[in-house]
Amino acid sequence: MAGVELQGLSKHYGDFQATEDVNLDIADGEFLVLLGPSGCGKTTTLRMIAGFIEPTKGTITVGGADVTRLPPWKRSTGLVFQNYALFPHLTVAQNVAFGLEMHKVPKAEIGGKVATALDLVQLGHLADRYPRQMSGGQQQRVALARALAFQPDVLLLDEPLSNLDAKLRHEVRHQIRNLQQRLGITTVMVTHDQEEALTMADRMVVMKDGRIQQLGTQRELYDDPASEFVASFVGRSSFIKGRFSGGRFVSHGGLAVETERRLAGEAVLALRPERIHLGADAADAASPDGSNTYRGKVASISYLGSSIDVEVKLNETDRVIAQVVNKGRESGASVGDEVSVTFPRDVPVFAASPA
Amino acid sequence: MFSNRRIGRWTLNALATLAFLFALLPLIFVTWLSFYEQEIPSFPPTGYSLHWYALAIANERFIDAFVISAQVGLVATAIGLIVAIPASIALTRYRFTGRGAINNLLLMPLVIPGIVLGFSLYIFQVETTIATELPIMGSFWGLVFGHVLLVIPWSVRLITASLVGFDRTLEEAAMNLGADPFTAFRRVTVPGILPGIVAGAMFGFVSSFGNLEVSLFLVAPGQTTLPIAILQYLEWKIDPTIAAISVLQILIIIAAMLITDRFVRISRVV
Ligand SMILES: Nc1ncnc2c1ncn2[C@@H]1O[C@H](COP(=O)(O)OP(=O)(O)OP(=O)(O)O)[C@@H](O)[C@H]1O
Ligand SMILES: [Mg+2]
């Protein structure tokens, strides 16, 4: 077991920067999730750790040892491929044994270790099957057992759940997380599904265009996003664009908003839907704590089951989405209703990104 | 609509059957002829017998020729594979200057008329024999060399086809688990492209085993291959022995195909 450290890791293809100056210090036993939109360099980063892509610049350290120039087969990383990459001509047990054989584990011990690894993923009873005789979820678990069997220093997962259906994804998420905690193995997972990242990670990294946007715990990223991009990518936000003049934010639609954080010039507010309070009308819009309260008109309603999204039009340019708990019949505002909208002063504020 | 489609399918089936029969017709006649009782083929036959098969199997020239053909075919196939496997890997996995040219060169023997190929090899071997004073011309290895050229295009074609279809993340998975590139190739890639290798070997062998034109130029007296032995027999005699030995040759090739097909589905790789 060992921590992983990436320093100034960059990969350039000609002029194109697939990743640029990635710095990460992953603690021993930590579950780190790389999150970001398609093409932002997540897989590139993961494959550099595994040794399949040689970085243009920077170093990779595992357990204190520099592995930057080591070929993949001399590194101790267990990678679970997105398509699982199980060897079709080998049985499940032989697949799992492969890494042990390559690491010169004595023949007598291999059987026991294979059984242990398969038990970890509850597949002991299918050891003699071939990969094609197994479901997607089972193949995924074989891939996991294969990657773990030779006891690598680091476990790497590239979108391990993307080929599973929604229900199974929920289950496997917890299985992987539990297993990881039980083994205490340093793990880096790549995903573009923010819910996956939120539920599984110790810490997560948001990437964009090859660069790290923010690194932190779920709470840090959700409550205190560092940029408009992070606020839109982790969770949902309504954005209100405007500018600061004289220490006060005024939206382009004309709303004056009190904020704790003050900037200068063009800026953006990010409002989380569940932090927005809806009142029946402007009358009950008391704001003792000095929250911001405005009048608006319900523009649309989306029914999500346990909650309801209410889109409120505050003026011609400013719209926000509020999430209300679905409490049955009486909790329904209807389109066209006059409502009051209240949100706190500690909303995230960013300088407007250059258009 | 519906009936249109049915008529379409029916026409297609009928045409396919016709084409198939057309291709099989000579085969059917040769087989029929091999069972004739009389020596001079005429219609209708006076009766049927296995007499000609007995003669064919008892003919020592045919037996010797068969042994030579089999030896040349096997050795040429083995050498052809040793060349074709690395060549296929280079052609499918690396970009280098002259890649297209080499690809065409390796497939060339497939499109060059056999006579031209045989004649060129003949000139080449005569010249090198004179120049080096080594016993190349008319030797077993000279003949094998010519047949290697027949094997290579088939095996390169079939092996590259299966390499193109091979999922390279499997090799990466092997290396991730600690296998060096050579071990990954041996343990994961080779099993994956085995159908292509087997099919390539078989098609190579069959094209060597049935070859007449190239062999004609390269064999020495007393070292004839089976097709040449058949030709020589025909020069002084026409009787159903020829039909019988041809049928036997075809049976051997069909057996090779069936055995291979049990091992890999030929229809999937060709
Ligand atoms: N061999 C290459 N040559 C040129 N560009 C490449 C190469 N490999 C990757 N890229 C580019 O690098 C960028 C990052 O790729 P990467 O595979 O890391 O994205 P990703 O974050 O994993 O995206 P996804 O979520 O779609 O898998 C992409 O824009 C991709 O087009
Ligand atoms: Mg990716």
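Rounded to the nearest 5, what is the percent of antiparallel bridges among the DSSP beta bridges in chain A?
If we restrict to bridges inside chain A, about 75 percent are antiparallel.
Return the inverse of the average 1/r over all pairs of distinct C-alpha atoms in the protein assembly as shown, which is the Kirkwood hydrodynamic radius, in Å to one decimal.
Roughly 31.3 Å, rounded to one decimal.
List every residue whose amide H lies under 5 Å from the amide H of A:Arg211, counting only residues 5 or more places away in sequence or on a different chain, with H placed 1.01 Å from N in the peptide plane.
Distant-sequence amide H within range of A:Arg211: A:Glu20.
Ranking B:Glu37, B:Glu60 by Cβ neighbours within 10 Å, fewest first, what do you get?
B:Glu60, B:Glu37
Taking N as the number of residues in region A:196-284, what is its alpha-carbon radius of gyration divided by 2.2 N^0.38 Å?
In units of the globular-protein estimate, region A:196-284 measures up at 1.27.
In whole Hz, what ³J(HN,Hα) sequence does region B:168-185 give by Karplus (6.51, -1.76, 1.60; θ = phi - 60°), x for Gly and Pro?
Coupling constants for region B:168-185: 6, 5, 5, 5, 5, 4, 4, 5, 4, 8, x, 8, 6, x, 5, 5, 4, 5 Hz.
If you count, for every residue in A:84-92, the Cβ atoms of partner chains within 10 Å of its Cβ, what is the mean?
Other-chain Cβ atoms within 10 Å of each residue's Cβ, averaged: 4.
What FRET efficiency would be calculated for the residue pair B:Ala255, B:Phe43, taking the C-beta separation as r and a Förster radius of 45 Å, to the nearest 0.05?
0.90
Go ahead and estimate [θ] at 222 nm for chain A from helices alone: -39,500 (n - 2.57) per DSSP H run with n ≥ 4, summed, over the residue count, rounded to 500.
-7000 deg cm²/dmol
So which trypsin sites (Lys or Arg not before Pro) in region B:11-97 end up in coil per DSSP with only 16 or fewer other C-beta atoms within 10 Å?
The qualifying sites are B:Arg95.
Where does each of B:Trp52, B:Trp141, B:Trp154, B:Trp236 land when they are ranked from fewest to most other beta-carbon atoms within 10 angstrom?
With the sparsest Cβ surroundings first, the list reads B:Trp236, B:Trp141, B:Trp52, B:Trp154.
For chain B, what value does the Rg/Rh ratio take when both radii are computed over Cα atoms and Rh is the Kirkwood radius, given to two decimals?
That ratio equals 1.06.
Using 0.36 nm per residue, how much length does the chain from A:Glu171 to A:Ala65 gain when fully extended, once their Cα-Cα distance is taken away?
Extra length from A:Glu171 to A:Ala65 when fully extended: 34.6 nm.
Loop only per DSSP, at most 15 neighbouring Cβ atoms within 10 Å: give me the trypsin sites (Lys or Arg not before Pro) in region B:168-263, ordered by residue number.
Taking region B:168-263 and a limit of 15 other Cβ atoms within 10 Å, the loop trypsin sites (Lys or Arg not before Pro) found are B:Arg168, B:Lys237.
If we count other beta carbons within 10 Å of each Cβ, what is the order of A:Asp128, A:Asp223, fewest first?
Going from least to most buried by this count: A:Asp128, A:Asp223.
Show me, bin by bin at 10 Å from 0, the whole-percent P(r) of region B:75-176 based on Cα pairs.
For region B:75-176, the binned pair fractions read 14, 36, 30, 13, 6, 1 percent.
Dividing the Cα convex hull volume of region B:153-193 by residue count, how many Å³ per residue is that?
55 Å³
Hey, rough spin-label estimate for B:Ile63 and B:Ile130, points 7 angstrom out along Cα→Cβ, what's it come to in nanometres?
Placing both labels 7 Å along Cα→Cβ, they lie 4.0 nm apart.
What number results when the radius of gyration of chain A, computed over Cα atoms, is divided by 2.2 N^0.38 Å?
After normalising by residue count via 2.2 N^0.38 Å, the value is 1.20.
Note down the nm distance, to one decimal, between modelled labels 7 Å out along Cα→Cβ at B:Asp167 and at A:Ser162.
Between B:Asp167 and A:Ser162, the simple spin-label model gives 1.4 nm.
For region B:101-164 and region A:124-169, what is the separation of their C-alpha centers, rounded to whole Å?
That distance is 48 Å.
Taking the highest mean first, how do the peptides A:143-152, B:62-71 order by number of other beta carbon atoms within 10 angstrom per residue?
Result, highest mean Cβ count within 10 Å first: A:143-152, B:62-71.
Convert each backbone phi in region A:242-254 into a coupling constant with the Karplus relation 6.51 cos²θ - 1.76 cosθ + 1.60 (shift: θ = phi - 60°), then list the ³J(HN,Hα) values in order as whole Hz, x for Gly and Pro.
x, 8, 8, 9, x, x, 10, 8, 10, 6, 4, x, x
Would you tally the net charge around B:Tyr48, using a Cβ to Cβ cut-off of less than 14 Å, leaving B:Tyr48 out, and scoring K and R as +1, D and E as -1?
Summing Lys and Arg as +1 and Asp and Glu as -1 gives -2.
For region B:1-153, compute the orientation-averaged projected area of the C-alpha convex hull (one quarter of its surface), in nm².
If I average the Cα hull's projected area over directions, I get 17.7 nm².
Counting each DSSP H run of 4 or more residues in chain B as -39500 (n - 2.57), what helix-only mean residue ellipticity at 222 nm follows after dividing by all residues, to the nearest 500 deg cm²/dmol?
Dividing the helical sum by the residues of chain B leaves -25000 deg cm²/dmol.
Every number in this text was worked out from the coordinates using simple rules, so none of it is lab data. All of these numbers come straight from a predicted model, not from anything done at the bench. Heads up, the Cβs are rebuilt from the backbone with ideal geometry, glycines too, and the neighbour counts pull from every protein chain shown.
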